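These notes concern the structure reproduced below.
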Amino acid sequence: MFKGRHFDRSVILLCVRWYLAYGLSLRNLEEMMAERGISVDHATIHRWIVRYSPELLDQFNRRKRAVTGRWQMDETYIKVRGRWMYLYRAVDSNGDTVEFWFSERRNLAAAKRFLRKALKRHGRPERIVIDGSQTNREAVLSCDTEHRLQDRSRRQLKPIRIRQSQYLNNRIEQDHRAVKRRIRPMLGFKSMASARTILSGIEMVHMMRKGQAKYACKPQPSLAEQFDLLAA
């Protein structure tokens, strides 16, 4: 993963982890590295984050624990170049992250794309709780029908139950806050591509803190230990 890099693996992982996990700017990290005798430009640190976040997330997903069959789905606003865009998210009945998807638009196509991704990776839930959005309701019904039609197991699959109420989504509304808390100091993203990549890394750290991955070494390694294990 780090072959041919000018900087040591430990320096790269440290910068990537600190940026994704804490309210630090790229220039903060440049200064912090300089205090440790390491001269690295903030633009280089940004390239590391964009380069390694998807690879670390891919390794994390291979170790991710199974989620429960009761989901809460919602979307939250993220600003990119002064425009509001949408982060679709779902958590299970334990508060664990099921899936996420960053979209330029908030419409039926985006909701269906998010749900197809979640169903492909985690299988069918028993129930999905949504707010008053009719678009999300239509997306669940459509994806549920598609999934049952594509199923080749010849089992009689029950339809996904939908509970729709703005008062039942408190768990995911609270979960949004952890992601938004890290994004706030960034003052908006500069491009859709970098936003999607960095958000995937922030979501990964959030899942790490919730203990959503299985490791052979011990039940709950620290963030630093988890980054080292994923990059091994």
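Evaluation of residue 76 against the conditions (1) out of contact with any Cys (no Cβ under 7 Å at 6 or more places or on another chain); (2) not assigned by TED's automatic domain parsing to the domain that holds residue 166 shows that the sole unmet condition is (2).
Take the conditions more than 16 Å from residue 74 (Cβ to Cβ) and assigned to a helix (DSSP H, G or I) and apply them to residue 120. Does it pass?
Spelling it out, residue 120 is indeed more than 16 Å from residue 74 (Cβ to Cβ) and assigned to a helix (DSSP H, G or I).
Screening residue 148 with (1) exposed (fewer than 15 other Cβ atoms within 10 Å of the Cβ); (2) without any contact (Cβ under 8 Å) to a residue 12 or more places away in the chain; (3) not β-branched (Val, Ile, Thr) gives one miss only, at (1).
Applying the criterion of being under 13 Å from residue 136 (Cβ atoms) and touching a residue at least 40 places away in the same chain (Cβ under 8 Å) to the residues of region 77-106, the residue that is surrounded by the most Cβ atoms within 10 Å (Cβ to Cβ) is 90. On the stretch given as region 3-41, residues that are assigned to a loop (DSSP other than H, G, I, E, B) and either basic (Lys, Arg) or within 23 Å of the chain's Cα centre (by Cα) (or both) total 7.
For region 42-84, a residue qualifies if it is in contact with a Phe, Trp or Tyr (Cβ under 8 Å, 6 or more places away or on another chain), in a helix (DSSP H, G or I) and within 29 Å of residue 219 (Cα to Cα), and the qualifying residues are 49, 56, 63.
With the condition kept exactly as written, say whether any residue in region 180-201 is more than 30 Å from residue 55 (Cβ to Cβ), surrounded by fewer than 17 Cβ atoms within 10 Å (Cβ to Cβ), assigned by TED's automatic domain parsing to the domain that holds residue 104 and not aromatic (Phe, Trp, Tyr). No. Hey, could you check region 105-117 for residues that are part of a helix (DSSP H, G or I) and under 19 Å from the mean Cα position of the chain (by Cα) and say which is nearest to residue 70 (Cα to Cα)? The residue in question is 115. Does residue 9 satisfy being among the basic types (Lys, Arg) and farther than 27 Å from residue 207 by Cβ? The answer is no for residue 9. State which residue is farthest from residue 90 (Cα to Cα) when the search covers only region 13-50 and only residues that are surrounded by 15 or more Cβ atoms within 10 Å (Cβ to Cβ) and among the charged types (D, E, K, R). So the residue we want is 30. Those helices (runs of 4 or more DSSP H) of region 137-232 in which 1 or more residues are of a type in the set (Lys, Arg) occupy 170-183, 192-209.
Consider region 107-138 and keep the residues that are crowded, with 16+ Cβ neighbours inside 10 Å and of a type in the set (Gly, Ala, Ser). The one that is farthest from residue 89 (Cα to Cα) is 133. Inspection of region 152-169 finds a residue satisfying the criterion of being within 22 Å of the chain's Cα centre (by Cα), under 14 Å from residue 89 (Cα atoms) and of a type outside the set (D, E, K, R). Scanning region 132-159 for residues that are modelled with pLDDT under 90 and either within 22 Å of residue 86 (Cα to Cα) or aromatic (Phe, Trp, Tyr) (or both) yields 132, 133.
The values are calculated or read from the model by the stated rules, or taken from the named source; none is laboratory data. As the structure is a prediction and not an experimental result, all values here were calculated from the model. Virtual Cβ from ideal backbone geometry, glycine too; neighbours counted across all protein chains shown.
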